[in-house]
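First comes the structure, then the notes that go with it.
Only the coordinates and a few stated rules stand behind these numbers; no lab work does. The model shown is predicted, which means the values in this text are computed figures rather than measured ones. Cβ sites come from the backbone with ideal geometry, for glycine too, and all protein chains shown count toward neighbours.
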């Protein structure tokens, strides 16, 4: 396997790295992270303009990258500045849509790439721990659509998001892999309530309550009950991102302490 980066990846790394060094110093980062929003809309759009979000997706999905190498290049540079903008949410939600979304749903990827929309990954629950298949939130058919009931925990950038990717159980026991369905839910939909708070490392997250939230049939992502495989793919991409982000942060820490 060839581990050498392509010229396009090197150019993206240089552009994004230069932006982080010159425009996202620690004082700036600290101010943004501790702000009431927990991120900067201006920085989010600038990161998108550089191409960092587009690099997370394949050409067929509206981006120009999409491989593990592309994800690593972007998040290593973001890690060097401890960037708090909602790029991870864009990756997780966008990759899920790319894997299972309808043509209409896939339009959201283009908005994420352009920086005109933000998305949050609302999967973890108060009692789920690290069990990916443990989903207690329920989804019941109502008319031509669905009704969602449940709660999601520590949803990063939920308050800033336009759309939430919500996992809910439409069949099976609470820890079954089969029976998990995924829904794209407008963050301001009736019945969605959030309790936001600052996180320890900066930025914001929220506890999200879904109280009889009604969504149309077009909110279902992929097939009902078949969401676990989509979750696995999205979370796998997220793990690559977090590993690369950690590498970038550690590299800066090494230079600061040993340089």
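Numbers below:
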quantity: With 5 Å bins from 0: P(r) over the stretch 93-147, alpha-carbon pairs, percent; calculated: 4, 16, 16, 18, 21, 17, 8, 0
quantity: Label point 7 Å beyond Cα of residue 140 along Cβ direction - residues of the stretch 161-194 with amide nitrogen under 15 Å; calculated: 169-172
quantity: The stretch 1-149: relative contact order as a whole-number percent, Cα under 8 Å and 6+ apart; calculated: 22 percent
quantity: Compactness index (Cα Rg / 2.2 N^0.38 Å), the stretch 1-136; calculated: 1.10
quantity: Förster radius 25 Å - calculated FRET efficiency between residue 223 and residue 243 (Cβ-Cβ, nearest 0.05); calculated: 0.25
quantity: C-alpha long axis of helix 7-23 to longest principal axis of the chain, angle in °; calculated: 80 degrees
quantity: Pairwise label distance in nanometres, residue 232 with residue 107, each label 7 Å out on the Cα-Cβ vector; calculated: 3.2 nm
quantity: Shape box of the stretch 119-223 [Cα atoms, principal axes, largest first, Å]; calculated: 40, 27, 21
quantity: Distance between the stretch 183-259 and the stretch 34-55 - C-alpha centres, whole angstrom; calculated: 16 Å
quantity: Selected from 98, 237, 189 as most flexible by GNM, with the chain as the system and alpha-carbon contacts under 10 Å; calculated: 189
quantity: GNM top mover of 54, 68, 222 - the chain, alpha-carbon springs below 10 Å; calculated: 68
quantity: Relative pair counts by distance (%), Cα atoms of the stretch 172-259, 5 Å bins; calculated: 3, 11, 11, 14, 19, 16, 10, 6, 4, 4, 2, 0
quantity: Separation in nanometres of the label points that stand 7 Å from Cα toward Cβ, at residue 178 and residue 21; calculated: 5.5 nm
quantity: Residues of the stretch 6-45 with amide N under 16 Å of a point placed 7 Å along Cα→Cβ from residue 251; calculated: 6-22
quantity: Percent of alpha-carbon pairs separated by more than 35 Å within the chain; calculated: 14 percent
quantity: The chain, helix-only ellipticity at 222 nm - DSSP H runs n ≥ 4, -39,500 (n - 2.57), divided by all residues, nearest 500; calculated: -13000 deg cm²/dmol
